[in-house]
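What follows is a set of notes on a single structure, which appears directly below.
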Amino acid sequence: MEEKTCLDMLAKREIKPTAIRILVLQAMLRAERAVSLLDLENLLDTVDKSTLFRTVTLFLSHHLIHSIDDGTGSLKYAVCGDSCACAVEDLHTHFNCEYCHKTFCLEGIPTPVVELPKGFTLNSINYVLKGICPDCALKLKN
């Protein structure tokens, strides 16, 4: 089932399915959070760094994934929804846990749009909330 979903997702974004691309997408979907290139290297230790980088770059260019600068010094990547075109109106809030350092997409919380002065053009918004995720909050409570 998962491989068929990956094949459908790649086809929708007009990305030729290869074994590596399916493997990378499956790993990203299984993570259920945003992942860095280092996370992908650790999850897919048999895939070399340059192949992962090229795959992530391809996914970004076809809007299959989006990048997140969560302030940790390492870009994170998350799979986009079906209707996402990575336009400003598709953007959403992200949450970075200061305890486990994981970054999550908060799909239900839209990114606030700030009205810019005349002459400025908005292309992207990076809205990251920082705090403690529910799993870490439970660990810290006990």
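Quick note: the coordinates plus some simple rules give every number you see, no bench work behind them. This structure is a prediction, so every number in the text was calculated from the model and none was measured. Note: ideal-geometry Cβ built from the backbone for every residue, glycine included; neighbour counts use all protein chains shown.
Can you put Ser67, Ser61 in order of Cβ neighbours within 10 angstrom, beginning with the fewest?
Ascending Cβ contact count within 10 Å gives the list Ser61, Ser67.
Express the relative contact order of the range 2-141 as a whole percentage, based on alpha carbon pairs under 8 Å and six or more residues apart in sequence.
19
So for His66, His92, fewest C-beta neighbours within 10 Å to most, what's the order?
His92, His66
Using +1 at the C-beta of Lys and Arg and -1 at the C-beta of Asp and Glu, which of Cys136, Ser67, Phe53 has the Cα lying farthest in the positive direction of the dipole of the chain?
Phe53
Which value in nm describes the separation of the simple spin-label points at Ala31 and Leu7, placed 7 Å from the Cα toward the beta carbon?
According to this spin-label approximation, the distance is 2.5 nm.
How high is the FRET efficiency between Ala19 and Ser83 when r is their beta carbon distance and R₀ equals 25 Å, given to the nearest 0.05?
With R0 = 25 Å, the Cβ-Cβ based efficiency is 0.35.
Count the lysine pairs in the chain that are 8 or more places apart or on different chains: how many have C-alpha atoms under 29 angstrom apart?
Lysine pairs, 8 or more places apart or on different chains, close enough: 22.
So what are the radius of gyration and Dmax for the Cα set of the chain, in Å?
Cα radius of gyration and Dmax of the chain are 16.2, 53 Å respectively.
Along Cα→Cβ, 7 Å out, is where each label goes; now give me the distance between the ones at Asp69 and Phe53 in nm to one decimal.
1.9
About the Cα centre of the chain, what is the dipole size in debye to 20, counting +1 per Lys and Arg Cβ and -1 per Asp and Glu Cβ, all else neutral? Walk me through the numbers before you get to the answer.
Values: 15 positive and 18 negative charges, 27 e Å.
With only Lys, Arg, Asp and Glu charged at Cβ, the dipole is about 120 debye.
How large is the helix-only mean residue ellipticity at 222 nm for the chain, computed as the sum of -39500 (n - 2.57) over DSSP H runs with n ≥ 4, divided by its residue count, in deg cm²/dmol to the nearest 500?
-11000 deg cm²/dmol
Calculate the FRET efficiency for Leu60 and Ile132 from the Cβ-Cβ distance with a Förster distance of 22 Å, rounded to the nearest 0.05.
0.15
Sort Thr46, Thr93 so the one with the fewest other Cβ atoms within 10 Å of its own Cβ comes first. Each step should come with its number before you reach the end.
Working: Thr46 6, Thr93 18.
By the 10 Å Cβ count, ascending: Thr46, Thr93.
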